[in-house]
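Derivation of every value follows stated rules applied to the coordinates shown; laboratory data play no part. Small disclaimer: the values here were computed from a predicted structure and weren't measured. Note that each Cβ is placed from the backbone with ideal geometry, even for glycine, and that neighbours are counted across all protein chains shown.
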Amino acid sequence: MIDMEHQILDAVNFELTIPTAQQFHSRFMQLSDVEDDFVANVFSCYLLELTLVDFKMLRFRPSLLASASIYLAKKMLRRGRPFTAEM
């Protein structure tokens, strides 16, 4: 069954990837109330990038790393509630 699925995906040139923390970060920023806040966006990206150099951070899901970077940036910059209802 899996071999057949692989053949079908190859036939249509479909490439499978795993979601990255940056993809989650982009989506979560769209849902947050600081989407247009350049400083909060860049700072949360910086915090997220810091997770790339620490091997221990691999145990956490990319979605958790992305949401934690936004949470921490908003708390440190005092930008209102950490999460919106949509998040």
*Please work out if Phe43 is out of contact with any Lys or Arg (no Cβ under 7 Å at 6 or more places or on another chain) and crowded, with 17+ Cβ neighbours inside 10 Å.*
yes
_Residue tally, condition among the charged types (D, E, K, R) and over 26 Å from Ser63 (Cα atoms), over segment 1-33_ = 3
*So how many residues does segment 51-87 have that are in a helix (DSSP H, G or I), of a type in the set (Val, Ile, Thr) and touching a residue at least 24 places away in the same chain (Cβ under 8 Å)?*
2
*asked:* I need the full set of residues from segment 15-40 which are of a type in the set (S, T, N, Q) and under 12 Å from the mean Cα position of the chain (by Cα), in order please.
replied: Thr20, Gln22, Gln23, Ser26, Gln30
*Within the group Gln22, Gln30, Gln7, which residue is over 16 Å from Met76 (Cβ atoms), in contact (Cβ under 8 Å) with a residue 12 or more places away in the chain and assigned to a helix (DSSP H, G or I)?*
Gln22
